[in-house]
Every structure is written in C-alpha cells, then in structure tokens.
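Participant: I'd like to ask you about the structure that follows.
The values are calculated or read from the model by the stated rules, or taken from the named source; none is laboratory data. Just so it is clear, the structure is predicted and the values come from calculations on it, not from any experiment. Methodologically, a virtual Cβ is constructed for each residue, glycine included, from the backbone with ideal geometry; neighbour enumeration extends over all protein chains shown.
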Amino acid sequence: MSALKNKTLLVASLLVPTPVLAHNVKTSGNVAATFHIEPNHNPRAGESSLAWFALTKQGGELISLDRCECQLRVISNQATIAQPPLKAIKAEQYQGIPGAEVVFPKAGVYQLEISGKPKAGEEFSEFKLAYDVTVQAGQTAASPAIQEPSSNQNFAIPSYMIPGIIMSALTLAGLTWVVKRSLKK
C-alpha cells in the first residue's frame, strides 16, 4: 500500500502546476528581445512599473544599452503618449540592459515599442518591436496616493494564478480520493 501511495504522490507532484515568470520574446532581423514589466506583468494605472528588454544578437550575445541607440515609446490608440528615457539596468541574469520606469495614466491596453540601431562599430540589425501591455485599474497618474504600510494588509493572488490553483486543488482532491479508495480494498 505504501508503494501505491508513493507513486500517487509522485504523480500528484508532477500534475500540480507551478507558477512561472512570464517573459515575452520577439525577434526583428538578427535581434531578439525578452520583455518583462514589473510587477509580474501586472502594471497598475498611476503606479510606477519597471519595463526591461534583454536584447540579444543571433547566437545569444547580449546587446547592452551602451551598444545600442535605443528608444522606448508608450502608445495608446495609435498615438505616442510618452517616451520614457532608457537606462542601463540589471534584471535577473542580465546586466546593462535597457529599462525604463513607466507610469500608465489609466487602465487599458497600451503598446510598448522599443526600437534601436547599433552604435558605431557594433554589428546587429536595426529593430523595432512592440509589446501589448494590459494595465489594471490603480491610482490616477495625476494624484498618486501614498499608502502607509499596515500589518493588516490583505494578501492578493494575481489573477493569472487562479486557474492553476483551482486545477491543483481539483487534482489533489481527486488523487486523495483515489488513494483513500485504494486503501479500503
């Protein structure tokens, strides 16, 4: 019976989904860009979000900001609403990549468009890549409120994790039922 229980627990651990960080990868010519925006691809209106782009040449060589004349545009309804300055940042395992603080004025769908060309002596294609960003309701950009830290703040689960949590719970319930049923025999 314990062998069945061990096998069931092994199967359960393989079936339970685990959360992963979302990164969007796109290519243009011989340049690829891995895009991420904090917090957890879930920016809120009126709140600062850090957008970063890990640029690589074909073959995986990192293109740091000091090697690229890069620009970032924030687009809403096909119009540029901001051009935040890019700065060299460190994110995850990447060093010196283009990043920018972005504050979206209201909830909705925006595009972040990064474009660039090589500085003198560098060899990679000019590129232009656009990423859709869905911004959730938050504070208004005109009057951001400062929240005092509280020991009674509620824990919020990101909405993209809810289906995985539900599937995990159903899988565990089903496996528990199978184990209990097999132990009765």
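Participant: Which of the residues that make up the range 100-128 are surrounded by 17 or more Cβ atoms within 10 Å (Cβ to Cβ) and either among the small types (G, A, S) or outside any strand (DSSP E or B) (or both)?
Facilitator: Result: A100, F104, G116, F124.
Participant: For the range 54-66, check the following and say yes or no: at least one residue is touching a strand residue (DSSP E or B) at 6+ places or on another chain (Cβ under 7 Å), acidic (D, E) and either more than 15 Å from Y131 (Cβ to Cβ) or not in a loop (DSSP other than H, G, I, E, B) (or both).
Facilitator: Looking for residues that are touching a strand residue (DSSP E or B) at 6+ places or on another chain (Cβ under 7 Å), acidic (D, E) and either more than 15 Å from Y131 (Cβ to Cβ) or not in a loop (DSSP other than H, G, I, E, B) (or both), one finds at least one in the range 54-66, hence yes.
Rundown of residues vs (1) over 28 Å from F124 (Cβ atoms); (2) at pLDDT 80 or above; (3) part of a helix (DSSP H, G or I), yes/no style:
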residue: L4; (1), (2), (3): yes, no, yes
residue: T8; (1), (2), (3): yes, no, yes
residue: P17; (1), (2), (3): yes, no, no
residue: P39; (1), (2), (3): yes, yes, no
residue: L72; (1), (2), (3): no, yes, no
residue: Q95; (1), (2), (3): no, yes, no
residue: P98; (1), (2), (3): no, yes, no
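Participant: Do you know which residues across the range 54-77 are farther than 24 Å from G138 by Cα, surrounded by 19 or more Cβ atoms within 10 Å (Cβ to Cβ) and in contact (Cβ under 8 Å) with a residue 40 or more places away in the chain?
Facilitator: A54, L55, I63, R67, C68, C70, listed by residue number.
Participant: Sticking with this structure for a sec: So, of the residues in the range 19-37 that are of a type in the set (A, V, I, L, M) and at pLDDT 90 or above, which turns out to be nearest to the chain's Cα centre (by Cα)?
Facilitator: I37
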